[in-house]
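J.: Below: one structure in structure tokens.
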Amino acid sequence: MRYCRVEVDGRPISGRVDGDRIVLLDRSPLTGAPAEIGITVALDTAVLLPPVIPPVFYAVGLNYRSHIEHALAHGYSAAAVPQRPEVGYRAQNALTGHRAPIVKPVDVQGRFEAEGEVVAVLGATLRRASYEQAHAAIFGWTIGNDVSAREWQHADRSFWRSKNADTFKPMGPWIETEVDPLAQTTSIRVDGVVQVEFPTGAMIFDPYEYLVETSRYSTLHPGDVLWMGADGTCRLTPGVTVDVEVSGIGVLSNPVVAEENTDTERRRP
């Protein structure tokens, strides 16, 4: 089953993908059994929003060995193979949906990059979970594009703008509930040309191990998301379209645009 959020008459509403149509629902499936409201919209023209706005947005970094090697080669000296599963956090304001533009700020210099990630969506509360409980608590899977401004990432004391600026976290296009993400392939295409491709499941720690470790200290709730990291990056420039595909889930597609320079007095290099 594929569930999404779509904008209709200026407001978000939940839906279920049925072929080339979206069947609108009276509630999110994360809050109870939804009912159809008797309206459908065309999938190819719908304004698809991020399929969930998470209560907490968890993110895994450096969860593939070759990505760690890439980070070290590009000057990120803190990169190392993790000894246990640890998560970070991202900001909701960075989320944007399928087909929405990724906006490159006017003062971003240097490498501006995409990373394609599979994303776990929680459907149950977890606290001190076992591996089996963590597995059962996942409602479904979606796709994320972890956009990063690398000079900001290396210069700032935190990821507050390098990974959390508006539009830097496309997510979607829907939640797929019937897939084994660890048996899939992730690829990133720029203007239709494959730039990165890797086995999605070739992780250092899998999603369930992260949920077990996180739930030892923090209660996880339905709607929380866990981005699982990437095994490769690709450069982005305004004017291109970037597609992140996870087989068995779908394709998350976003154009890249340049921010209009409307307040240069405020901006500094």
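J.: Return the distance in nm (one decimal) between the two label points of a simple spin-label model at residue 237 and residue 160, each offset 7 Å from Cα along Cα→Cβ.
T.: Inter-label distance under the simple model: 3.2 nm.
J.: Among residues other than residue 215 whose Cβ falls under 9 Å from its Cβ, what is the net charge (Lys/Arg +1, Asp/Glu -1)?
T.: Local net charge: +2.
J.: Further, regarding this structure: What percent does the relative contact order of the range 1-61 come to when contacts are Cα pairs within less than 8 Å and at least six residues apart?
T.: 32 percent
J.: So if each residue of separation counts as 0.36 nm, and I subtract the Cα-Cα distance between residue 93 and residue 27, what length gain in nm does that give?
T.: Result: 21.5 nm gained on full extension.
J.: In terms of the Cα gyration tensor, with a ≥ b ≥ c the square roots of its eigenvalues, is the chain rounded because a/c is under 1.5, prolate because a/b exceeds b/c, or oblate?
T.: oblate
J.: Compute the relative contact order of the chain as a whole-number percentage, counting only Cα pairs closer than 8 Å that sit 6 or more residues apart in sequence.
T.: 25 percent
J.: Using the beta-carbon distance between residue 217 and residue 180 and R0 = 22 Å, what value does 1/(1 + (r/R0)^6) give for FRET efficiency, to the nearest 0.05?
T.: Plugging the Cβ-Cβ distance into 1/(1 + (r/R0)^6) gives 0.20.
J.: If you bin every alpha carbon distance in the range 129-269 into 10 Å steps from zero, what whole percent lands in each bin?
T.: Once binned at 10 Å, the Cα pair distances of the range 129-269 give 10, 34, 34, 16, 5, 0.
Every read-out reported here was derived from the displayed coordinates using simple, explicitly stated rules and does not represent laboratory data. Computed from a predicted structure; not experimentally measured. Every residue, glycine among them, receives a Cβ derived from its backbone with ideal geometry; neighbour counts consider all protein chains shown.
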